[in-house]
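The block underneath contains the structure these notes are about, expressed in structure tokens.
The values are calculated or read from the model by the stated rules, or taken from the named source; none is laboratory data. All figures in this text were calculated on a predicted structure; none of them were measured in a lab. Glycine also receives a Cβ, built like all others from the backbone with ideal geometry; neighbour counts cover every protein chain displayed.
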């Protein structure tokens, strides 16, 4: 098995687990977690792609809510302590990626002469 097959297998396993979690969560868990979602079934298929990707977070939040460990006062409080650090890390990371790409770009050999391309009509004559 090469790397591409291993990555594809990992993505299939991740998606399969996510599909099972999405099916169980959208049929059973959604009504238990959000009382406003009871009886609202039209929007639930829209959540499937997100649950397929972040199913560990969905399971963790569901566990916290069911076990009573969730601090409801902090539920809608974003982690603002990290905003300052991320605000600096992202632009610096983008600059590093661009500079690395420019420094590692391919340099053509000097002994290759340029060739003038012709149009398809001229080439057939």
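Out of the residues in segment 51-83 meeting the condition of being over 15 Å from residue 20 (Cβ atoms) and surrounded by 11 or more Cβ atoms within 10 Å (Cβ to Cβ), tell me which one is modelled with the lowest pLDDT. Let's see the steps before the verdict.
Filtering segment 51-83 for residues over 15 Å from residue 20 (Cβ atoms) gives 57, 60-61, 63-83.
With surrounded by 11 or more Cβ atoms within 10 Å (Cβ to Cβ) added as a condition, the list becomes 57, 60-61, 63-66, 70.
Working: 57: 92, 60: 90, 61: 87, 63: 90, 64: 86, 65: 85, 66: 85, 70: 75.
That would be 70.
Given (1) closer than 19 Å to residue 66 by Cβ; (2) out of contact with any helix residue (DSSP H, G or I) (no Cβ under 6 Å at 6 or more places or on another chain), identify the lone condition not met by residue 22.
Here residue 22 clears every test but (2).
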